[in-house]
Ligand SMILES: N[C@@H](CCC(=O)N[C@@H](CS)C(=O)NCC(=O)O)C(=O)O
């Protein structure tokens with residue numbers, strides 16, 4: 001059993017397997033979907049972020065940024081354990097480890113990572129803020145300018161994705177990749193849990209809707225969404 005402090009609070013039943021610490025949020029489900037898609041053996045631990053468990057000292061030892069998801073691989077690439085946080089790098093790592101969902105062709109590899117970065121730097125933060133101002137505490141603010149600003153930027157980003165998908169099944173064309181995996185949970189949440197379908201005019205984005213339906217129909221995606229559900 002590893003000496004890592006995370007295991008003092010969340011013990012591993014299968015310490016030889018990759019350990020996932022996550023919750024069923026748009027960032028959290030990326031890692032669960034990827035693990036289900038790749039078939040890598042893993043053990044999942046649910047971190048209750050509403051109960052502030054991501055700020056428990058044991059969790060902070062794994063991710064000093066106090067956010068899910070995080071992983072601990074007892075069998076890292078150099079033969080030693082590897083702990084990682086940030087969902088984007090977790091996807092790249094699991095793609096490299098499994099040899100799946102990230103092209104070995106160098107140009108395609110960088111383009112895929114480019115779209116992953118676009119999700120990490122644009123879609124995630126913007127959709128997340130829109131969720132706050134549309135559905136959560138921010139909805140009671142009298143001043144609607146922040147909500148409208150994030151709604152406009154989210155709609156713009158959806159337009160970029162819609163154009164990208166106009167002649168492609170997936171973000172990278174014929175091949176489903178970590179770029180799709182990073183985005184599916186966010187788009188699903190935006191029009192679902194965040195109740196922002198109307199405010200972003202989602203019905204204009206027929207290519208995104210078709211892509212979302214196809215992605216959510218994948219059995220591994222369905223399982224991945226549930227990995228750390230209660
Ligand atoms: N850039 C990070 C963001 C992670 C993040 O924002 N996680 C949220 C859930 S989606 C979280 O842990 N929130 C709990 C908190 O901030 O206390 C990533 O992609 O992994």
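Just so you know, all these numbers are worked out from the coordinates, no wet-lab data involved. Keep in mind the model is a prediction, meaning the values are calculated, not measured. Virtual Cβ from ideal backbone geometry, glycine too; neighbours counted across all protein chains shown.
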*Quick one: Cα centre-to-centre distance for region 173-230 and region 1-21, in angstrom?*
30
*Evaluate the relative contact order of region 23-76 (contact order divided by residue number), counting alpha-carbon pairs under 8 angstrom at least 6 apart; express in whole percent.*
35
*Would you mind checking the tilt of helix 124-134 against the longest principal axis of the Cα atoms of the chain, expressed as 0 to 90 degrees and rounded to 10?*
60
*Wrap a convex hull around the Cα atoms of region 1-127, take a quarter of its surface area, and give that in square nanometres.*
7.9
*Divide the volume of the convex hull of the Cα atoms of the chain by its number of residues and quote the answer in cubic angstrom per residue.*
122
*asked:* How compact is region 106-221 by the rule of thumb for globular proteins, expressed as Cα Rg over 2.2 N^0.38 Å?
replied: 1.07
*With runs of 4+ DSSP H residues as the only contributors, calculate the mean residue ellipticity of the chain at 222 nm using -39,500 (n - 2.57) per run, divided by the residue total and rounded to the nearest 500.*
-14000 deg cm²/dmol
_DSSP bridge pairs, the chain: antiparallel proportion in percent, nearest 5_ = 60
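What is the mean projected area of the alpha carbon convex hull for region 81-136, to one decimal in square nanometres?
5.0
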_Two-decimal Rg to Rh for region 154-230 - Kirkwood Rh, Cα set_ = 0.96
*Can you tell me the order of 183-196, 18-31, 76-89 when each peptide is scored by its average per-residue count of other Cβ atoms within 10 angstrom, highest first?*
18-31, 183-196, 76-89
*Starting with the fewest neighbours, write out 148, 105 ranked by other beta-carbon atoms found within 10 Å of each beta-carbon.*
105, 148
